[in-house]
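Dropping a structure here in structure tokens format, bear with me for questions.
We did not get these values from a lab; they are worked out from the coordinates using the rules stated. As the structure is a prediction and not an experimental result, all values here were calculated from the model. Here the Cβ positions follow ideal geometry from the backbone for every residue, glycine too, while neighbour counts run over all protein chains shown.
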């Protein structure tokens, strides 16, 4: 189960960074030492164990490097708290832009007492998943922001993993389908895959040659257009009832009216629930009947 509690705090004020540590990753019985940040005399809850894995940085470039290193260790940050003013280096807006370029998943929380940039400018820089909050903050507000962002990151990652698993399964199914398609094409007999109502879903080249019809056209046809329904429907009934059908002599009628004696064998393909999905038909020329016709 995803449980990312990696947090980056980016601020040029060492006392504010100490506050982040006291609140988000406190040592035993730690007390907040920055009442101007946490809102006057409002107390911050103390805890004996760290809530988050906190990394701090005092300059924008240092914060960007921290994100790059975290990605290299495959331990990405779920959220970054970023101050706007961090002289003499890049400001928080540029840091947010560079961080977002490195990691599209991270949640960015801009924490500032100033209005150097509009919300629209911040949104344009970070693209998405950005929150603007004003100082002072209480310790509980800070914890709640961190917890909500981490939980949301976990949910997003779960969805990303689910989508990736689905993509992988689709790719595997495509590989298997292509493999069996190649196998069916290599068989010396004609292969038709039909729905129980007779609609043709697949045909290999040998079946197309035997039927004298193109691949595009045959997929718009029913088997009943090629073989008389009164002879095929009893065959379908046997197959659906799990009765074996092997080398049944039938007559195939090509679109040009030519009659071709064939031998037909069949089996069923069922879904996981046991319902018949398709009928697999194997057909090849009945050369004995051809010889009999010639004689």
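Which Rg and Dmax, in Å, describe the Cα atoms of the stretch 114-257?
For the stretch 114-257, the Cα radius of gyration and maximum Cα-Cα distance read 30.2, 88 Å.
Can you give me the distance in nm between label points at residue 205 and residue 170, each placed 7 Å from the Cα along the Cα-to-Cβ direction?
The modelled label-to-label distance comes out at 3.0 nm.
When Rg is the radius of gyration of the Cα atoms in the stretch 187-234 and Rh is its Kirkwood radius, what does Rg/Rh come to?
Details: Rg = 10.2 Å, Rh = 10.8 Å.
Rg/Rh for the stretch 187-234 comes to 0.94.
Same structure, new question: For a Förster distance of 41 Å, can you work out the FRET efficiency between the beta-carbons of residue 154 and residue 195, rounded to the nearest 0.05?
Efficiency, from the Cβ-Cβ distance: 0.40.
Considering only DSSP beta bridges with both partners in the chain, what is the antiparallel share in %, to the nearest 5? If you can, show how the numbers build up before the last one.
Values: 25 of 43 bridges.
If we restrict to bridges inside the chain, about 60 percent are antiparallel.
Seen from all sides and averaged, what is the projected area of the convex hull of the Cα atoms in the chain, in nm²? Present the calculation step by step, with values, prior to reporting the outcome.
Values: hull surface 95.9 nm².
The Cα convex hull of the chain, projected and averaged over all directions, gives 24.0 nm².
May I ask for the angle, rounded to the nearest 10°, between helix 229-240 and the longest principal axis of the chain, with both axes built from Cα atoms and the value confined to 0 to 90°?
50 degrees
Let's test the formula: R0 of 51 Å, r as the Cβ-Cβ distance of residue 219 and residue 73. What FRET efficiency results, to the nearest 0.05? Mind dumping the intermediate values first?
Working: r = 52 Å, r/R0 = 1.02.
Efficiency, from the Cβ-Cβ distance: 0.45.
Another one. Considering the Cα trace of the stretch 187-294, what is its radius of gyration and what is Dmax, both in angstroms?
For the stretch 187-294, the Cα radius of gyration and maximum Cα-Cα distance read 13.4, 48 Å.
While we're looking at this one, here's another question. Based only on other Cβ atoms within 10 Å, what is the fewest-to-most ordering of 81, 236, 179, 202?
Working: 81 28, 236 22, 179 10, 202 17.
Fewest to most other Cβ atoms nearby, the residues stand as 179, 202, 236, 81.
Related question: Nearest 0.05, what FRET efficiency do residue 182 and residue 240 give at R0 = 35 Å with Cβ-Cβ as r?
With R0 = 35 Å, the Cβ-Cβ based efficiency is 0.80.
Angle between the Cα long axis of helix 139-186 and the longest principal axis of the chain, 0 to 90 degrees, nearest 10?
Roughly 20 degrees between the two axes.
Compute the relative contact order of the chain as a whole-number percentage, counting only Cα pairs closer than 8 Å that sit 6 or more residues apart in sequence. Write down the numbers at each step before the final one.
Details: 487 pairs, mean separation 38.2, N = 295.
With pairs under 8 Å counted, the relative contact order is 13 percent.
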